[in-house]
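For reference, the structure is listed below as structure tokens.
Coordinate-derived values only; no laboratory data. These figures come from a predicted structure and were not determined experimentally. Note that each Cβ is placed from the backbone with ideal geometry, even for glycine, and that neighbours are counted across all protein chains shown.
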């Protein structure tokens, strides 16, 4: 394996569900620790890393809205769930010796920093992992959109999406045995085929800023480092495919 990373600065998007492990909800500390160990290995390869973590393991805004909570209020509740996940990831990173900072789009100075773009970039330049919490700070936007937005703001070389499966498929491979797996796709392919990778706003932001999206399994130990080196099993979404 090449020792030189393909990307020097990346944003890693992790779903809230990925933190549940085998649980039905909440945060599984062993799972968070394993992800933190992979992030440490990536940081040791001289890659600058920032992260966005979803909140679906604790509260999902759309689900709350479906049950009668006003959509904007439900989305704010979901944003607070992402702050909890970010703090859990920060604690895990620091347990393995990786300096990190949490920046929230909703100011809450008692527990973390406010989101300040230039400060976040400076943290990464110093080798710290920056975890962006509370989405964009606005209702009606997903954490996928927040990930694409922050990746653009941080001038990232790629947006890495750690999922439950090892790439993008034509259908859910856990439900459809013969679902086709794609090695590469264009942004247009994702939108025109309505592939459920990220929402359309996130794909559009990535496309406009020429940020490739790399989809891989967050549960396969070591895959993050392999993907950073242009190897490993993943689907790459970019123009020119």
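Between 211, 69, 131, the GNM of the chain built on Cα springs shorter than 10 angstrom shows 69 fluctuating the most. Among beta bridges identified by DSSP and lying wholly in the stretch 9-237, the antiparallel ones come to about 15 percent.
Counting only the Cα atoms, the stretch 1-63 fills a convex hull of 99 Å³ per residue. Under the simplified labelling scheme, the residue 122-residue 17 pair shows an inter-label distance of 3.9 nm, with each label point 7 Å from Cα along Cα→Cβ.
Among 145-153, 17-25, the peptide with the highest mean count of other Cβ atoms within 10 Å heads the list, and the full ranking is 145-153, 17-25.
Stokes-Einstein diffusion coefficient for the stretch 1-125 at 37 °C in a medium of 0.692 mPa s, Rh from the Kirkwood formula over Cα pairs: what value in µm²/s? Spell out each step's value before the answer.
On the way: Rh = 15.6 Å.
The estimated diffusion coefficient comes to 211 µm²/s.
Report summary: the helix-based calculation at 222 nm, which adds -39500 (n - 2.57) for every DSSP H run with n ≥ 4 and divides by the residues of the chain, gives -11000 deg cm²/dmol. Shown here are the Rg and Dmax of the Cα trace of the chain, at 16.7, 52 Å. Of all DSSP-defined beta bridges confined to the stretch 104-219, some 20% are antiparallel rather than parallel. Averaging the Cα positions of each part gives two centres, and for the stretch 6-84 and the stretch 165-189 these lie 22 Å apart.
On full extension, the segment bounded by residue 73 and residue 200 gains 43.5 nm, given 0.36 nm per residue less the C-alpha separation.
Sorting the segments 227-238, 168-179 by their mean number of nearby beta carbons within 10 angstrom, highest to lowest, gives 227-238, 168-179. Shape class for the stretch 150-241: oblate, because the ratio a/c of the largest to smallest gyration tensor axis (alpha-carbon atoms, square roots of eigenvalues) is 1.5 or more and b/c is at least a/b. The order of the peptides 27-33, 197-203 by mean Cβ neighbours within 10 Å, most packed first, is 197-203, 27-33.
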